[in-house]
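Shown next, in structure tokens, is the structure this report addresses.
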Amino acid sequence: MGAKAALETAIACAAAGLIIGVIGLTGIGLKFSSIIIDISGGVLLLALIFTMITSIILGMGLPTVAAYIVQVPLTIPALIEMGVSPMAAHLFVFYFATLSAITPPVALAAFAAAGISGSEPMKTGLTAMRLGLAAYIVPFMFVYGENLLLIGGPLETLLSVVTAIIGIIGIAIAAEGWMLRHSFWYERLVLFAGSVCMVIPDLFTDAIGVVVLVLVYIFQKKFRQDLLVRQEAS
């Protein structure tokens, strides 16, 4: 049973090793920074998205520390050259190198868990990715709001951290589809949008996020109370 469970993980590691080997042998890794800047056209958001994809691919099949070290000379210089602070750039890459463990098609942590539990590997990987959805958003906030990295005044930093925590909880609620009751699809979309506003370190977006989350909470609470009343009446 152990051998059978290890086969899927071993195949995933072999496939990831081919990709990493090609990058090392061709020397394309040394040109990564200039490639990212050229493809993004100098647009920071595009550069971050390309760096995210690169970090996840290069992190496939590697332990977290190894995945991070591999990418330090490849993708981080491009972000720093585009004006991102070194701390934010390093943590951005580190986060996505870690998330490669739950990102299909080579989600080694999820595949290992699937082997232990006997579940379907790809389905387990997609579920892990959905439950970890908030983690794919937080690194972008490191770049656009350094208060989350405890850089800045104490009041601004405290406000950013508290609202970000609330936002992450909201994103988790939207991903799971449950607040006070099972959430409808449109409630989940609204919750997700409002929660992302909370994570963004800005007073205006925080205010929007608070209003959205409170309204959804009140709506669900009233709906639940009405349902209880109807059940008692019947």
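Couple of notes before you dig in:
- Given charges at beta-carbon only (K, R positive; D, E negative), |dipole| of the range 1-139 in Debye: 200 debye
- Per-residue Cβ neighbour rank within 10 angstrom, fewest leading, 198, 179: 179, 198
- Basic side chains Lys and Arg get +1 at the Cβ, acidic Asp and Glu get -1 at the Cβ, and with that the dipole of the range 145-234 about its Cα centre reaches some 460 debye.
- Estimated inter-spin distance, residue 226 and residue 18, nm [label 7 Å along Cα→Cβ]: 5.6 nm
- For the range 62-92 versus the range 39-54, the gap between their alpha-carbon centres in whole angstrom: 13 Å
- All other residues whose Cβ lies under 14 angstrom from that of residue 225 are scored, Lys and Arg at +1 and Asp and Glu at -1, for a net of +3.
- For the range 1-139, the square roots of the Cα gyration tensor eigenvalues, ordered a ≥ b ≥ c, give a/c of at least 1.5 with a/b greater than b/c, which places it in the prolate category.
- Neighbours of residue 163 by Cβ distance under 14 Å: Lys/Arg scored +1, Asp/Glu scored -1, total -3.
- Neighbour counts of C-beta atoms inside 10 Å place 65, 93, 70 in the sequence 65, 70, 93, starting with the fewest.
- Exposure proxy ranking for 64, 51, 124, based on other Cβ atoms within 10 angstrom of each Cβ and starting from the fewest, stands as 64, 124, 51.
- Total formal charge among the other residues, if their Cβ is under 12 angstrom from that of residue 145, Lys/Arg +1 and Asp/Glu -1: -4
- Over the residues of the chain, the helix contribution to mean residue ellipticity at 222 nm works out to -24000 deg cm²/dmol, using -39500 (n - 2.57) for each DSSP H run of at least 4.
- Here the relative contact order of the range 140-197, from alpha carbon pairs under 8 Å that lie six or more residues apart, stands at 28 percent.
- Built amide H within the under 5 Å cut-off of residue 178, gap 5+: 183
- The modelled label-to-label distance between residue 161 and residue 202, using points 7 Å beyond Cα along the C-beta direction, is 2.4 nm.
- Over the chain, Cα pairs under 8 Å with separation of 6+ residues give a relative contact order of 14 percent.
A short reminder: the numbers here are calculations on the coordinates, not readings from a lab. All values derive from a computational prediction rather than experimental measurement. Here Cβ is always computed from backbone atoms with ideal geometry, including for glycine, and neighbour counts include all displayed protein chains.
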